[in-house]
Every structure is written in structure tokens, then in C-alpha cells.
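S.K.: There's a structure below that I have some questions on.
The values are calculated or read from the model by the stated rules, or taken from the named source; none is laboratory data. Here the structure is a predicted model, which means the values were calculated and not measured. Heads up, the Cβs are rebuilt from the backbone with ideal geometry, glycines too, and the neighbour counts pull from every protein chain shown. These area figures cover heavy atoms from the full protein model, side chains too; ligands, DNA and RNA do not enter into them. Shrake-Rupley method; radii C 1.70, N 1.55, O 1.52, S 1.80 Å.
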Amino acid sequence: MKKVLLFLTVLILAGTASALPPSTDQYLVSVGRLQGSCPGGICALFRTDVWILNPSTQSTDVTITFYYRPEIYQPPVSATVAVAAGQTRELADIFQNPAVFNLDGVAGALRFVSTVPVLVTGRLYDVNVVTNKGTGTAGAFYPGLSGQLAIGVGDTSDIIGVAEEPDVWRSNLALMETSGNAITLTIERIDPNGNVAATITGYQLAARTPVQLNSVLTQLGV
């Protein structure tokens, strides 16, 4: 039997979730509840909301497992929630939601395993965005990704539209190994003409471990 090592990638950018089919095994690759950086003395306070839609005519139990990033590693923790037929269940501030977890100061990935196919979406956002009109929120909204979308040994995947401008925006790259086997991968920055402009080789990703490369283009020499 051919051994297949799989991992998922997601680019963390504000935007609209793309349409994906329901699945019984999917991931939100970058989530958390923690304090971020404090530019100008105003600290980012990140939160995560999750929605689970059960489009079937059967109720389902969804097991939600949280995997820590390696820099704050602890064993994964799990909780199970029920989602009725046709229901959209909202889990606001999921890490402090009494139906799920009691966690704070954490970052990592969430896996959703259900008895019937469901749709999962999530929002990772800062609740302490201070403007001249008051304090609000800002963040990224993105869909759960099926484990079947992960790339395997010898496969490649392209993420287009990556850009960075200091003090304006940045691109963060999140990775999650999904097969339970450690892998080594190569990350390349491709210029507008299709040429390899910079490379990270031999990047190690442990089994079922989520990582996030903040300002990935800076790390690739932009």
C-alpha cells in the first residue's frame, strides 16, 4: 500500500468563504483565543467563532478536537456537540463556550468529525480594534477544509494573490498535517513571471500539528 502523507494549507486573509461541499472530517487550520501584538500600546485580543450547518435530515454528533501549535504544545482536547437536522449551530467564542472548551491563551487548529456530512465555517478576529469611531472588530472568515483536500507526497499546491506591505497588510500561511505522520516540505515564492524567487527547504511539520508562518513573504525575503 502506498503511504500517503497529507497536510492542509490556508492563507489567512480577510474575505468571503468559498463554496465547499459538506464533509464528515474537516479542519479550521488557524484559530485561537489569545493576546496578540500591542502596536501603540493597543493589544490585539483574538477570538474564534464557529458555525456548523447540518443540511441533512438526520441529527448528528460532531466531535471537535483542538490541536495546539508547537510553541504552546499540550495534548489535543476534544468535545462533542449535537447538531439537529437542518440546524445551524453557532459556537461563539468557542474556546470559552460552555458547550465546548474552557481554554484561554491558546492557538492552533480545530478538527470536526461528524456522523453525517456538515458544513463548517469559522471567524478568527480581533475584538479590540480601536478607531476614531470607537472600538470594533476585524478579522478573517473562512470555511472548514475537508481532510480529503490535503496534498500528499510529491503533490504541490499554489496560493495566489499573496502580498505584504509594511503597516498596511500581511499574509500569514497556516499549515496542518492531517494523516498522523511527520513530513518535510518546501515552500517557494513565485514571482509574477512564474520564476522561483525564494525558497524555504526542509521545513519540518510534525504529525497532526498546526503551524502558522506570520508574514510569510518576509520570511521568504521580500
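S.K.: Have a look at Phe95, Phe7, Phe101 and point out the one that is of a type in the set (A, V, I, L, M, F, W, C) and modelled with pLDDT under 95.
M.R.: Phe7
S.K.: If I go through segment 156-186 residue by residue, how many of them are of a type in the set (Ser, Thr, Tyr) and surrounded by 13 or more Cβ atoms within 10 Å (Cβ to Cβ)?
M.R.: So the answer is 3.
S.K.: Next question. Just to be sure, is Tyr142 without any contact (Cβ under 8 Å) to a residue 60 or more places away in the chain and among the aromatic types (Phe, Trp, Tyr)?
M.R.: No, not satisfied.
S.K.: Among what's in segment 187-213 and is part of a loop (DSSP other than H, G, I, E, B) and open to solvent by 70 Å² or more (accessible area, probe 1.4 Å), pick the residue that is modelled with the highest pLDDT. Steps first, answer last, please.
M.R.: First, pick out the residues of segment 187-213 that are part of a loop (DSSP other than H, G, I, E, B): 191-195, 206-209.
Add one more test, that the residue is open to solvent by 70 Å² or more (accessible area, probe 1.4 Å), and what stays is 192-193, 195.
Details: Pro192: 87, Asn193: 90, Asn195: 93.
The selected residue is Asn195.
S.K.: Does segment 88-108 hold any residues that are under 15 Å from the mean Cα position of the chain (by Cα) and farther than 17 Å from Trp51 by Cβ, and which are they?
M.R.: Within segment 88-108, Val106, Ala107, Gly108 qualify.
S.K.: May I pose another question? Looking for something at pLDDT below 95 and of a type in the set (Gly, Ala, Ser) - is there at least one such residue anywhere in segment 113-136?
M.R.: yes
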